[in-house]
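As structure tokens, the structure follows; a few thoughts come after it.
The values are calculated or read from the model by the stated rules, or taken from the named source; none is laboratory data. For clarity, every value in this text was computed on a predicted model and none was experimentally measured. Note that we place each Cβ from the backbone using ideal geometry, even for glycine, and neighbour counts take in every protein chain shown. What goes into the accessible areas is simple: the full protein's heavy atoms, side chains included, and nothing from ligands, DNA or RNA. Shrake-Rupley method; radii C 1.70, N 1.55, O 1.52, S 1.80 Å.
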Amino acid sequence: KVDIVKDFNNNIQFDFGEDYSMHEFAVLGLDTTASVRTCKLTTALSADAPDSEWTDVGSVLQVAIGPSTFTHSARLDPPVTARHWRLVVIDNHDGYQRLDYATISEVKFYACKDSATTSL
């Protein structure tokens with residue numbers, strides 16, 4: 001179970017319930033200029049950590065407009081282990097930074113718990 005909290009400023013927060021070792025993530029937009037163009041993934045030790053305590057671990061640039069395929073993903077090398085993750089929207093294809101002006105259809109996380117690779 002993954003708990004999701006949407007912040008209408010510019011991020012979506014994920015609580016995986018326990019540590020996972022993330023090695024890749026991907027973002028799928030919609031067929032609109034409001035689709036996310038650039039975003040980054042951050043981690044923190046606590047879900048309620050202040051913004052200054054979230055650490056950037058990867059970013060996706062130039063997510064293509066379109067509803068059918070994940071055209072861009074980000075590899076985390078080395079993988080990053082954490083429980084709390086935040087996807088931060090940098091901008092969309094119209095240039096807006098706020099999440100309520102950016103659309104995300106799906107986020108894929110590729111992570112390991114123990115020795116098995118899982119798509120969350």
Original post:
Restricting region 79-97 to residues that are open to solvent by 80 Å² or more (accessible area, probe 1.4 Å) and either in contact with a strand residue (DSSP E or B) (Cβ under 8 Å, 6 or more places away or on another chain) or charged (D, E, K, R) (or both), which is modelled with the lowest pLDDT?
Top reply: 97
Original post:
Of 21, 52, 46, which residue is assigned to a loop (DSSP other than H, G, I, E, B) and at pLDDT 80 or above?
Top reply: 46
**OP:** May I ask you to verify whether residue 76 is modelled with pLDDT of 85 or more, open to solvent by 40 Å² or more (accessible area, probe 1.4 Å) and among the hydrophobic types (A, V, I, L, M, F, W, C)?
**Re:** no
**OP:** Exactly one condition in (1) open to solvent by less than 60 Å² (accessible area, probe 1.4 Å); (2) more than 15 Å from the chain's Cα centre (by Cα); (3) at pLDDT below 75 is not met by residue 63; state its number.
**Re:** (2)
